[in-house]
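Everything below concerns the one structure shown next.
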Amino acid sequence: MPKIRVALIGVGNCASAFVQGLLYYGNLKQEKESIGLRNPILGGLSPNDIEVVAAFDVNERKVGKDLSVAIFAKPNNAPRVVDVPPSGVIVNKGPLMDGVGRSTQNVLQISAQPDVNVTEVLIAAKVDIAINLLPSGANQASQWYAEQALKAKCAFANATPNFIASDSSWAKRFEEEGLVLVGDDLVDQAGSTALHKTLLELLSMNGVRITETYQLDVGGGTESLETLDRTRETKRTIKTQSVESALPYKAEVVAGSTDYVDFLQNKRDSYFWISGVYFCNTPLQIDLKFSTVDAPNAGSVLFDIVRATKMALNKKLKGAILPICAYAFKRPPQMMPIETAEKAFEKFVAENR
Ligand SMILES: NC(=O)c1ccc[n+]([C@@H]2O[C@H](COP(=O)([O-])OP(=O)(O)OC[C@H]3O[C@@H](n4cnc5c(N)ncnc54)[C@H](O)[C@@H]3O)[C@@H](O)[C@H]2O)c1
């Protein structure tokens, strides 16, 4: 069976986890080898059916290098979990636009190499799906890459919190071109937003009245630095709206990234505070810390997105594919409770395998 041909737009920490994960899970034979994957096989497709055939970045330590080298170049700090042999995929220089924020300018140099023609590279590499893994503040560049996917006639998966799949005008353009679009803002495998929503749903289902709750993050990846600089408000809006949707009534909710601590490396600490009342107005409080490593948290979900998007391509579906968006992204075109999104995705997989 031909492989699913993927282009990585941005060779940062998520790209590193994705590429390493493809090797780590490359030849699944026994069940124990698939520990850590939500769906070892999805719609008949395994991680081994995925191949990275093109990559773009702007960092001089990454451009012109083999992908196997670029994924470990600074400021990337995702853990090294496998030896990555040369891939033959050389990282192309894409246009910078608004790709690098004020703070990240201090941790990387922009390559002096000329920009490639991104549409031509996508066409030449016969890319099925371009995955947008640019920094969250790269709004203009994200839109520009979505435009190149339209021109190259490939699907576009937007892992960033920039509004593309959730913007009806973009969804309409992909639909008119007969192309698949999914996004926006990847859901983590072990995600703080999902954990927060689940706790709130469980409590409110049992009659607890939540009065106030917050969730704050501290991380050491480049994306946490970027968030401080440019996208704190956007992320706060997306996460707060998502958490609010878990409660059937109005409560004081704040959720969103907060700070950067470089020595944490790619780790992220999430702090939860929940306050409410139950029987006879008795007070209840939860104070919780949840520690994860950021980039691997994207791997399993990205594998699902790629395989589900390929299923949509095989069935010639077009536009924003709601079951994939609602299952795998924090800001789909239409917000759904977790359970509804799970069921919609299961149905999608069963109908399109
Ligand atoms: N668990 C997760 O890591 C997770 C979860 C949800 C969403 N996301 C989103 O995924 C995206 C990627 O996250 P990350 O941790 O890999 O970020 P990162 O900062 O490590 O990587 C971004 C990469 O894009 C490159 N880049 C910047 N401008 C560019 C341009 N114009 N053209 C090409 N490349 C350019 C940077 O040099 C860098 O290599 C972010 O938008 C983040 O919000 C990640």
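Normalising by the residue count of the stretch 232-353, find the relative contact order in percent from Cα pairs under 8 Å and 6+ residues apart.
So the answer I get is 20 percent.
Between the DSSP loop rule and a limit of at most 15 other Cβ atoms within 10 Å, which chymotrypsin sites (Phe, Trp or Tyr not before Pro) in the stretch 69-163 are left? Don't jump to the answer; show the numbers that get you there.
On the way: sites: F72, W144, Y145, F156, F163; in loops: F72, F163.
Passing sites in the stretch 69-163 do not exist.
Could you please report the charge total around C154, scoring K, R as +1 and D, E as -1 over all other residues with beta-carbon less than 13 angstrom from its beta-carbon?
Computed value for this residue: +2.
Specify which residue in the list Y278, L302, L288 is farthest towards the positive end of the charge dipole of the stretch 266-320, using unit charges on the beta carbon of Lys, Arg (+1) and Asp, Glu (-1), about the Cα centre.
L302
Mark the label point 7 Å from the Cα of F279 along Cα→Cβ and return the residues of the stretch 198-215 whose backbone N is within less than 13 Å of it.
Output list for this probe position: 207-208.
For the stretch 192-271 and the stretch 40-84, what is the centre-to-centre distance using only Cα atoms, to the nearest Å?
28 Å
Just how large is the dipole of the stretch 230-295 about the Cα centre, in debye to the nearest 20, putting +1 at every Lys and Arg Cβ and -1 at every Asp and Glu Cβ?
It works out to roughly 160 debye.
At 1.567 mPa s and 4 °C, plugging the Kirkwood radius over alpha-carbon pairs of the stretch 177-229 into Stokes-Einstein gives what diffusion coefficient in µm²/s?
Estimated via Stokes-Einstein, D reaches 90 µm²/s.
Return the equivalent ellipsoid semi-axes of the stretch 277-353 as a descending list in whole Å, where each equals the square root of 5 times an eigenvalue of the C-alpha gyration tensor.
Values for the stretch 277-353, descending: 33, 18, 10 Å.
Using Cα pairs closer than 8 Å and at least 6 residues apart in sequence, work out the relative contact order for the chain, in percent.
This gives 20 percent for the chain.
Run the accessible area of the stretch 188-320 with a 1.4 Å probe and give the carbon-and-sulfur part as a rounded percent.
Values: 3380 of 6100 Å².
Solvent-exposed carbon and sulfur of the stretch 188-320 make up 55 percent of the total.
Above 20 angstrom, tally the Cα pairs of the stretch 132-275 and express them as a % of all pairs, no decimals.
Of all Cα-Cα pairs in the stretch 132-275, 53 percent lie more than 20 Å apart.
Among the lysines, select those whose C-alpha is under 30 Å from the C-alpha of K315, and discard any that sit fewer than 8 residues away in the same chain.
K3, K29, K126, K151, K153, K172, K330, K343, K347
Could you work out which residue, out of S270, S34, S166, moves most in a Gaussian network model of the chain, that is, has the largest mean-square fluctuation with Cα springs under 10 Å?
S34
Could you list log10 I(q)/I(0) for the chain at q = 0.15 Å⁻¹, which the Debye formula gives when each Cα is one point scatterer?
Computed log10 I(q)/I(0) values: -1.33.
Quick check on the chain: of the DSSP beta bridges with both residues there, what percent are antiparallel, nearest 5%?
50 percent
Provide the net charge surrounding Y24, with neighbours chosen by a C-beta distance below 14 Å and charges set as Lys +1, Arg +1, Asp -1, Glu -1.
On the way: positive: K29, K32, R80; negative: E33, D83.
With Lys, Arg at +1 and Asp, Glu at -1, the net is +1.
Grab the Cα-Cα distance for K172 and Q265, subtract it from 0.36 nm times how many residues apart they are, and report the gain in nm with one decimal.
Numbers: separation 93, 0.36 × 93 = 33.48 nm, distance 3.96 nm.
Taking K172 through Q265 to full extension adds about 29.5 nm, to one decimal.
If you count only protein heavy atoms with a 1.4 Å probe, what accessible area per residue comes out for the stretch 1-143, rounded to a whole Å²?
46 Å²
So what's the angle, to the nearest 10 degrees on a 0 to 90 scale, between helix 232-244 and the longest Cα principal axis of the chain?
Relative to the chain, helix 232-244 is tipped by roughly 50 degrees.
Once you put a point 7 Å from the Cα of V254 and another 7 Å from the Cα of K29, both along the Cβ direction, what distance in nm separates them?
Going by the 7 Å Cα→Cβ label model, 5.4 nm.
Count the net charge of all other residues whose Cβ sits under 15 Å from the Cβ of T240, scoring Lys and Arg as +1 and Asp and Glu as -1. Write out the running numbers ahead of the final one.
Numbers: positive: K197, R232, K235, R236, K239, K250, K330, R331; negative: D185, E212, D217, E233, E244, E252.
Taking every Cβ under 15 Å from that of T240, the sum is +2.
Probe radius 1.4 Å, ligands and nucleic acids ignored: give me the carbon and sulfur share of the accessible area of the stretch 18-116 as a rounded percent. It would help to have the intermediate numbers written out before the result.
On the way: 2500 of 5080 Å².
It is 49 percent, rounded to a whole number.
Might you report the magnitude of the Cβ-based charge dipole of the stretch 1-86 about its Cα centre, with Lys and Arg at +1 and Asp and Glu at -1, to the nearest 20 debye? All intermediate terms of the calculation are to be shown ahead of the outcome.
Working: 10 positive and 8 negative charges, 24 e Å.
The calculated dipole for the stretch 1-86 is roughly 120 debye.
Quick one: what does P(r) look like for the stretch 1-92 with 10 Å bins over all Cα pairs, in whole %?
Calculated over all Cα pairs of the stretch 1-92, the distribution is 17, 48, 28, 7, 0 percent.
Roughly how tilted is helix 139-152, in degrees to the nearest 10 and between 0 and 90, from the longest Cα axis of the chain?
50 degrees
The values are calculated or read from the model by the stated rules, or taken from the named source; none is laboratory data. Computed from a predicted model, the values in this text were never measured in an experiment. FYI the Cβ positions are ideal-geometry reconstructions off the backbone, even for glycines, and counts take in every protein chain you see. Protein only, heavy atoms only, side chains kept; ligands, DNA and RNA dropped before computing areas. Shrake-Rupley method; radii C 1.70, N 1.55, O 1.52, S 1.80 Å.
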